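Take a look at the structure below.
Read the figures in this text as sums done on the coordinates, not as results from a lab. Here the structure is a predicted model, which means the values were calculated and not measured. Neighbour counts run over all protein chains shown; Cβ positions are idealised from the backbone, glycine included.
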Amino acid sequence: MKAIKAIHGPLPQAPLMPTGGVNVDNAGEWIQLGCVAVGAGGALTGGGKTAAEITETAKKFIAAVKAVRA
């Protein structure tokens with residue numbers, strides 16, 4: 001998150017999308033910092049999740065992002 005602040009300081013117009021270290025608990029924070037989107041890999045599909053579990057996790061990501069954009 002420090003990198004986002006460092007980049008947006010001199011370049012506030014830069015569209016940034018973090019993909020590492022993003023999870024359901026901090027997805028909203030990334031958006032609040034000015035990121036246009038977030039990418040999730042292991043936090044979404046890791047641990048041998050079933051399709052139903054992945055869908056539920058994706059819904060949580062969407063809810064977290066929508067909550068800070070509202």
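Can you give me the distance in nm between label points at Ala51 and Asp25, each placed 7 Å from the Cα along the Cα-to-Cβ direction?
If labels sit at Ala51 and Asp25, their model points lie 3.0 nm apart.
Pairs of Cα atoms under 8 Å, at least six residues apart: use those to get the relative contact order of the chain, whole percent. Don't skip to the end; give the middle numbers.
On the way: 65 pairs, mean separation 23.3, N = 70.
Averaging sequence separation for qualifying contacts and normalising by length gives 33 percent for the chain.
Helix-only mean residue ellipticity at 222 nm, the chain, DSSP H runs n ≥ 4 weighted -39,500 (n - 2.57), per residue, nearest 500. What is it? Can you show the working numbers first?
Working: 4 runs with 36 residues, N = 70.
Mean residue ellipticity, 222 nm, calculated: -14500 deg cm²/dmol.
Quick check on the chain: take the gyration tensor over C-alpha atoms, sort the square-rooted eigenvalues as a ≥ b ≥ c, and tell me if it's rounded (a/c under 1.5), prolate or oblate. Don't skip to the end; give the middle numbers.
Details: a/c = 3.21, a/b = 1.96, b/c = 1.64.
Prolate, since a/c reaches 1.5 and a/b exceeds b/c.
If you fit an axis through the alpha-carbon atoms of helix 51-69 and take the longest principal axis of the Cα set of the chain, what angle between them do you get, 0 to 90°, nearest 10?
Once rounded, the angle reads 30 degrees.
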